[in-house]
Amino acid sequence: MAAPQLSSEINKFALDLYENDEIVTCTDQIRIDKLRRGSNVITQDNCDRFRILIPYGGTTLQWEVLFNSNEPHFPPDIIFGDNEEDFEPNLEQMPSLHYWNPENGNSLTAVVKELLEQYKQYQFELVKNYSQKLEFELESVRQLDTLTSIEVYVHRDTQRLQQQANFLIKLPMDLARLPPFILNEHPGEYSITLFVSYEGQDGSTVTPKIFLSPSVEDAFGDTIIKYPSWNDGDKCLVSYILAVHHYFEGKVDEIIKSYEHRQSYIASFLSHFGTCVLEYDLESFKEISFLMEHDKFTLILTIEIGKDFPEEQPVFKMKSIYNIFNDEPYQAIDDRYPYSPRWSTNEMASRARSYLIAAIPQFKVASIKNRLYNPPGI
């Protein structure tokens, strides 16, 4: 049996609602399911009812949209969820419903946007009735003019008693400062969402969580993330928001600083060994290779620069172009050369040059004799 489909007159509204980027909550976009028919006359494509799923405040709102396929030019009825029976939107504040245009596929999207704005205010009022503590938290957060978005949702039991209040806050993050190679490798939305749950009669039990968008998670993939603890500060939501924002700004600074250090390191080695460079990473500056010759012996030196540079010492990999070991070119790793993260990158390159004058002959002997390479001084 063919899958149910919306009638052509109604489908344009659902399609626009699903594809339109105007309605995006803190965590996701609207989804549509449960297509069905309100008429007893069954045809393959006369569905005129469906459910919209709206991620909101740590939960999912489930609203029913009821069109009439026999009169598709009329605006739909919308039925809210069981926990929202007392949500009564002010129809006077819904011009998109008053001036419903059946020819405009964006009409339903506009109505839902207006409903969500009123629903947000409705939830704000529920938070104020929860406790004075949460009312203070809400009003304090709303005074922050830097927030991208804030959603609150109050869970209530069957007696309409508040049991839990969720705050979902999208933090503004300017990741455009990150090195271009990171932004190019990880396109998409850069957002950090803070989820804080208050439980108990007065909201005294607080559980914070932090969610990174996939692009942000990938961008910070090479760094260790240790989120600020709620107990580190004064246990105030505004203070915690600022602490989280400051923490991630610091992470961005760390990534930029490491990138600039690697760039300077590569530049210094190009200055000292530029005539024998084979290739180097021009985007992330994590690797550079040289074709080096000493006393009629040639080898490839590859320097790998780790994510924690300059605290982490780069690794020298030497590979013979003549000798084979286990069916592969003879190679050795040297991480014993003189190094200090306090040196300038120019001094690092200068000292590496002096060190290699002694290291290459020992590598030559080890590769010819097919034995373990021991760095100079060992």
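Annotations
- Of all residues in region 259-282, those satisfying the criterion of being farther than 18 Å from F316 by Cα and at pLDDT 90 or above are Y259, E260, L282.
- Output for region 295-313, where each listed residue is over 21 Å from T275 (Cα atoms) and not small (G, A, S): K307, D308, F309, P310, E311, E312, Q313
- The helices (runs of 4 or more DSSP H) found entirely in region 87-180 that carry 2 or more residues being buried (at least 16 other Cβ atoms within 10 Å of the Cβ) and of a type in the set (S, T, Y) are 107-130.
- Wholly enclosed strands (runs of 3 or more DSSP E) of region 296-343 bearing at least 2 residues of a type in the set (F, W, Y) and farther than 30 Å from E260 by Cβ: 315-325
- One residue stands out among those in region 56-86 that are touching a Lys or Arg at 6+ places or on another chain (Cβ under 8 Å), in a loop (DSSP other than H, G, I, E, B) and surrounded by 15 or more Cβ atoms within 10 Å (Cβ to Cβ): the one that is modelled with the highest pLDDT, which is F67.
- Of residues in region 39-55 being part of a loop (DSSP other than H, G, I, E, B) and closer than 13 Å to I10 by Cα, the one modelled with the lowest pLDDT: D45
- Residue within region 268-284 that is part of a strand (DSSP E or B) and closer than 19 Å to E347 by Cβ present: no
- Residues that are open to solvent by 40 Å² or more (accessible area, probe 1.4 Å) and of a type in the set (F, W, Y), drawn from region 237-284: Y247, Y280
- In region 285-295, residue modelled with the lowest pLDDT [restricted to those that are assigned to a loop (DSSP other than H, G, I, E, B) and open to solvent by 20 Å² or more (accessible area, probe 1.4 Å)]: D295
- Failed item in (1) part of a helix (DSSP H, G or I); (2) surrounded by 15 or more Cβ atoms within 10 Å (Cβ to Cβ); (3) at pLDDT 90 or above; (4) not charged (D, E, K, R), with P208 passing the rest: (1)
- Candidate set: region 336-378, residues that are aliphatic (A, V, I, L, M) and touching a Ser or Thr at 6+ places or on another chain (Cβ under 8 Å); chosen: the one surrounded by the fewest Cβ atoms within 10 Å (Cβ to Cβ): A349
- Any hit, region 21-37, residues being assigned to a loop (DSSP other than H, G, I, E, B), hydroxyl-bearing (S, T, Y), at pLDDT below 85 and over 20 Å from Q121 (Cα atoms): no
The values are calculated or read from the model by the stated rules, or taken from the named source; none is laboratory data. These numbers come from a predicted model, not from an experiment. Cβ atoms come from the backbone with ideal geometry, glycine included; neighbour counts cover every protein chain shown. The protein model used for the area step is the full one, side chains on, heavy atoms only, and it has no ligands, DNA or RNA in it. Shrake-Rupley method; radii C 1.70, N 1.55, O 1.52, S 1.80 Å.
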